[in-house]
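Reading through the structure tokens given below for one structure.
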Amino acid sequence: MSSVMKETFFAKKESVDRKWFVVDATDHPVGKLAAEIARILRGKHKPVYTPHVDTGDFVVVINAEKIVLTGNKWDQKLYRWRTTRPGSMKERTARQMLEKHPEHILEHAVKGMLPKNRLGKQMYKKLKVYVGDEHPHEAQKPEALNL
């Protein structure tokens, strides 16, 4: 009996075939939508997924202002950040964030679901979020993704 070991397959970043997807965020809960987008950005939906290689696809999200938060999150969820000045902590509720920068809500949720390293930053750069249903990526011929 001969034991023949097969080699383990690892995707190479040069051989990754990337697609473009368009997602309409209208009436989708933020968390569920962000989880699915993060899965696509990481490449986990592909059979060639390799954890240490960015095998994911590009995702264009439109209508970011029409997302849904459940419960009282519009008034209770806080987004906090600091500027470079001492004592400069800023905070906004989700409702205030929706009025000023609605795309930041979804970007923040997706970023939290990606790896916290250089690979995660590469994956995050493939996310494009837009307010309204127009986007400048028609030349890439993105496929509609129904979630």
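Where a number appears in this text, it was derived from the coordinates with a stated rule and is not lab data. All figures in this text were calculated on a predicted structure; none of them were measured in a lab. Because the Cβ atoms are built from the backbone with ideal geometry, glycine has one as well, and the counts that use them run over all protein chains shown.
Tabulated data for the structure shown
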| quantity | calculated |
| --- | --- |
| Most mobile of Gly87, Gly43, Gly71 in a GNM of the chain (Cα contacts under 10 Å) | Gly87 |
| Among beta bridges that DSSP assigns inside the chain, antiparallel share in %, nearest 5 | 30 |
| Sites Gln122 and His45 - FRET efficiency at Förster radius 25 Å, r taken between beta-carbons, to 0.05 | 0.90 |
| Inter-site label distance for Glu99 and Thr84 at 7 Å from Cα along Cβ, in nm | 2.9 |
| Cβ-based exposure ranking for Trp81, Trp20, Trp74, in which fewest neighbours within 10 Å come first | Trp81, Trp74, Trp20 |
| Amide H partners (placed H, <5 Å) of Val61, local residues excluded | Val23, Lys128, Val129, Tyr130 |
| Whole-Hz couplings from phi, Karplus 6.51/-1.76/1.60, listed for segment 135-147; x for Gly and Pro | 8, x, 10, 5, 5, 7, 6, x, 8, 6, 10, 9, 10 |
| Estimated distance in nm for a label pair at Met5 and Thr70, the labels positioned 7 Å out from Cα along Cα-to-Cβ | 4.6 |
| Separation in nanometres of the label points that stand 7 Å from Cα toward Cβ, at His52 and Gln140 | 2.7 |
| Spatial separation of Cα centroids for segment 1-80 and segment 95-147, in angstrom | 11 |
| Gaussian network model of the chain, springs between alpha carbon atoms under 10 Å - residue of Met89, Met123, Met113 with greatest fluctuation | Met89 |
| Most mobile of Lys77, Lys90, Lys12 in a GNM of the chain (Cα contacts under 10 Å) | Lys90 |
| ³J(HN,Hα), Karplus 6.51/-1.76/1.60, whole Hz, each residue of segment 33-48, x for Gly, Pro | 5, 5, 5, 5, 5, 4, 4, 6, 4, 6, x, 5, 7, 9, x, 8 |
| Pairs from Lys32/Lys77; Lys73/Lys100; Lys13/Lys141; Lys116/Lys141; Lys13/Lys126 whose Cα-Cα separation, in the structure shown, is over 19 Å | Lys13/Lys141; Lys116/Lys141 |
| Segment Asp27-Lys12, extension gain: residue separation times 0.36 nm, minus the distance between their alpha carbons | 1.7 nm |
